[in-house]
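Comments concern the structure below.
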Amino acid sequence: ELARLVLPPGHEADGKLRAIEASAVRASELCRQMLAYAGKGRFVVEPMDLSALTEAMVPLLNISVARLAGLRLDLPRGLPLVAVDATQIRQIVMNLVLNAADAISEGGGEIMLKTGVTSVTPDLLVQCVVGADLPAGDYVYLEVRDDGEGMTPEVLSRIFDPFFTTKFAGRGLGLAAVLGIVRGHGGALGVSSQPGAGSTFRLLLPPAATAAPEAAGPVPGMTGRWQ
């Protein structure tokens with residue numbers, strides 16, 4: 001970047017410098033994903049509203065998946081706050097939504113984003129890919145559901161393995177990074193899928209110790225379909 005600043009417009013080295021810059025950015029992204037998978041990413045944790053955090057991403061998500069699928073939203077407000085790193089949770093949402101879009105034939109599907117509070121039993125937790133040893137109780141959840149092609153049991157058993165991918169292009173680190181971030185936040189992640197019946201990923205986060213602030217009046221969450 002510094003070298004390009006001192007070059008005159010149209011200099012023959014500009015293309016090579018841009019290539020170096022792009023490679024450095026990709027390497028940085030790869031390192032961040034590997035750190036996230038290992039649960040060693042840098043977290044800045046604060047109480048957050050999971051619905052509001054997800055809702056703020058909707059315009060970007062819509063641009064990312066508009067060619068493949070529509071977004072359907074059920075993001076009620078007034079949920080208990082969760083103690084999270086907002087950047088890391090955004091990475092989870094983006095990776096899960098892009099994964100859902102990849103499972104849908106072009107222009108022919110729908111991705112559901114839903115948040116809420118659920119009472120979790122030990123039997124449900126033991127089925128999670130991470131967080132099986134968490135205590136039973138109430139958890140705030142984010143659910144990403146698609147009506148795509150679904151996964152076979154063989155693929156489902158490997159989707160969180162680093163560098164495993166069924167895509168023509170991709171590094172196979174998106175879902176692996178999701179797993180590491182969930183682990184680092186002391187949460188749980190469950191997934192269910194059947195061939196031809198779509199897939200559902202559910203992130204479970206324990207409520208923060210700080211109670212959610214009361215609104216001055218009813219604050220509706222975002223629901224409906226993004227157009």
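The residues of the stretch 97-136 that are assigned to a loop (DSSP other than H, G, I, E, B), open to solvent by 60 Å² or more (accessible area, probe 1.4 Å), aliphatic (A, V, I, L, M) and touching a residue at least 40 places away in the same chain (Cβ under 8 Å) amount to a single one, VAL129.
The set of residues in the stretch 1-49 that are open to solvent by less than 70 Å² (accessible area, probe 1.4 Å), at pLDDT 70 or above, within 30 Å of GLY116 (Cβ to Cβ) and part of a loop (DSSP other than H, G, I, E, B) contains only ASP49. Scanning the stretch 183-214 for residues that are at pLDDT below 90 and among the hydrophobic types (A, V, I, L, M, F, W, C) yields ALA197, ALA209, ALA211, ALA212.
Of all residues in the stretch 74-89, those that are crowded, with 17+ Cβ neighbours inside 10 Å and within 22 Å of LEU175 (Cβ to Cβ) total 5. Scanning for something closer than 11 Å to LEU204 by Cβ and out of contact with any Cys (no Cβ under 8 Å at 6 or more places or on another chain), does the stretch 85-103 turn up at least one residue? So far as the stretch 85-103 goes, no, none of its residues is closer than 11 Å to LEU204 by Cβ and out of contact with any Cys (no Cβ under 8 Å at 6 or more places or on another chain).
The values are calculated or read from the model by the stated rules, or taken from the named source; none is laboratory data. Worth saying up front: this structure is predicted, and the values here are computed from it rather than measured. Note that we place each Cβ from the backbone using ideal geometry, even for glycine, and neighbour counts take in every protein chain shown. Accessible surface areas use protein heavy atoms only, side chains included; no ligands, DNA or RNA. Shrake-Rupley method; radii C 1.70, N 1.55, O 1.52, S 1.80 Å.
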